[in-house]
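Just below is one structure, and these are the notes that go with it.
The values are calculated or read from the model by the stated rules, or taken from the named source; none is laboratory data. This structure is a prediction, so every number in the text was calculated from the model and none was measured. Heads up, the Cβs are rebuilt from the backbone with ideal geometry, glycines too, and the neighbour counts pull from every protein chain shown. Quick note on the areas: whole protein, heavy atoms, side chains included, nothing else; ligands and nucleic acids left out. Shrake-Rupley method; radii C 1.70, N 1.55, O 1.52, S 1.80 Å.
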Amino acid sequence: MSKEALSDAADEIQALRTEVREDLAEDLGGDPDDHDADSYRTDEEVVPDGGE
Amino acid sequence: MCWTAPLLPSTDTPILDDREVPPGATQTVTEDNTPRDYDRLYQRALAGPLQIRVGLDVSGGEVTRFLVQLEYRRGGSWDTVVRYDHDAEGSAESSHDVTEEGLHIDIYRDGEKHVTEYVVGPRPAGIALDTAEDHLAQNLERFVERYERWHDIRKSR
């Protein structure tokens, strides 16, 4: 895949991510931001994939 | 809400169903007609030969089960590239409880699970679901390039 297509796909995943958070807020109550990993307070870093 | 896309064969999507989505389209199912009984199921065609499927269950005010799966269309079927999952009840042998074990990623090669990697420690399932989607977006290039290298796929698609 080209870099451009990969970038577009990543953007589409982020858009879906927003949609899922909104639906979670609808199902569980509260605000979509309540389900936002970016606002979750933790000192731990997410590990990039290794996998080889 | 109802499905509008035709069926498409799939070789490696045992948990979710096998329906093709036109580019840019989204499907969300919240009724009982969801195959494999996810309360919500999202299936979105992505750029190039990719699609993402997200399934989740909600019960008792919590996300009790979810799956985030990237697929690559190859040879007329959808191959799993990577998968994140959570099952609070642990009903599936290979599933993880993200609230206890943390979030993991299953990496696929040649149609089979190649390795499982740790992503981040325990966190609420709804947050872990969002973390999984973000992790996929952030690492998409690496996942796809590795998949293409493993399967001798040219980058021109």
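Structure notes:
- Criterion (open to solvent by less than 10 Å² (accessible area, probe 1.4 Å), facing chain A (nearest Cβ under 8 Å) and touching a residue at least 40 places away in the same chain (Cβ under 8 Å)) met by exactly one of B:Val68, B:Val82: B:Val82
- Failed criterion for B:His96 (all others in (1) in a strand (DSSP E or B); (2) crowded, with 17+ Cβ neighbours inside 10 Å hold): (1)
- Residue in the stretch B:115-122 that is touching a residue at least 12 places away in the same chain (Cβ under 8 Å) and either farther than 27 Å from A:Tyr40 by Cβ or more than 7 Å from every other protein chain (Cβ to nearest Cβ) (or both) present: yes
- Filtered residues of the stretch B:106-124 (kept if open to solvent by less than 10 Å² (accessible area, probe 1.4 Å) and either in a helix (DSSP H, G or I) or touching a helix residue (DSSP H, G or I) at 6+ places or on another chain (Cβ under 7 Å) (or both)): B:Val119, B:Val120
- Which listed residue, of A:Asp23, A:Asp33, is under 16 Å from B:Ala125 (Cα atoms), in a helix (DSSP H, G or I), facing another protein chain (nearest Cβ under 7 Å) and not β-branched (Val, Ile, Thr): A:Asp23
- Considering the stretch B:125-157, the residues that are acidic (Asp, Glu) and within 10 Å of another protein chain (Cβ to nearest Cβ) include one that is surrounded by the most Cβ atoms within 10 Å (Cβ to Cβ), namely B:Asp130.
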